[in-house]
1. Divide by every residue of the chain the summed helix terms, -39500 (n - 2.57) for each DSSP H run of at least 4, and state the resulting mean residue ellipticity at 222 nm, rounded to the nearest 500 deg cm²/dmol.
2. Working out 0.36 nm times the residue gap between Ile32 and Glu11, then minus their Cα-Cα distance, what length gain in nm do you get to one decimal?
3. For the chain, what does the alpha-carbon gyration tensor say about shape, rounded, prolate or oblate, given a ≥ b ≥ c as the root eigenvalues, a/c under 1.5 as rounded, and a/b over b/c as prolate?
4. Could you give each residue of the range 14-29 its phi-based ³J(HN,Hα) in whole Hz, using Karplus coefficients 6.51, -1.76, 1.60 with θ = phi - 60°, and x for Gly or Pro?
5. Once both labels are modelled 7 Å past Cα along the beta-carbon direction, what's the Leu24-Ala3 spacing in nm?
Amino acid sequence: FLAVAIAFIIERNENWRLMLWLGLQRVGYRQILYYVVVKSVITALLGPLVGWGKLDRKATVSVPAE
């Protein structure tokens, strides 16, 4: 909190109301960010096992004659 207060003092034109969001950012946003990072790493490690899946070709596209 002290470091943020010093940054706001140095940046004179900053809106001090933004400091109200500091607690929510520290607790909520970071936890969501950690969840996304852990899930991404697990997905990256298991990626070759997941595969792309098979795309069935149906040949249903028609091109109008000119």
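Since every read-out is calculated from the coordinates, none of them should be taken as a lab result. Worth saying up front: this structure is predicted, and the values here are computed from it rather than measured. Here the Cβ is made from the backbone with ideal geometry for all residues, glycine too, and neighbour counts use every protein chain on show.
1. It lands at -15000 deg cm²/dmol.
2. 4.7 nm
3. Since a/c reaches 1.5 but b/c is at least a/b, the shape of the chain is classed as oblate.
4. So the Karplus estimates, Gly and Pro as x, are 7, 7, 5, 5, 5, 5, 5, 7, 4, x, 5, 5, 5, 8, x, 5 Hz.
5. 2.2 nm
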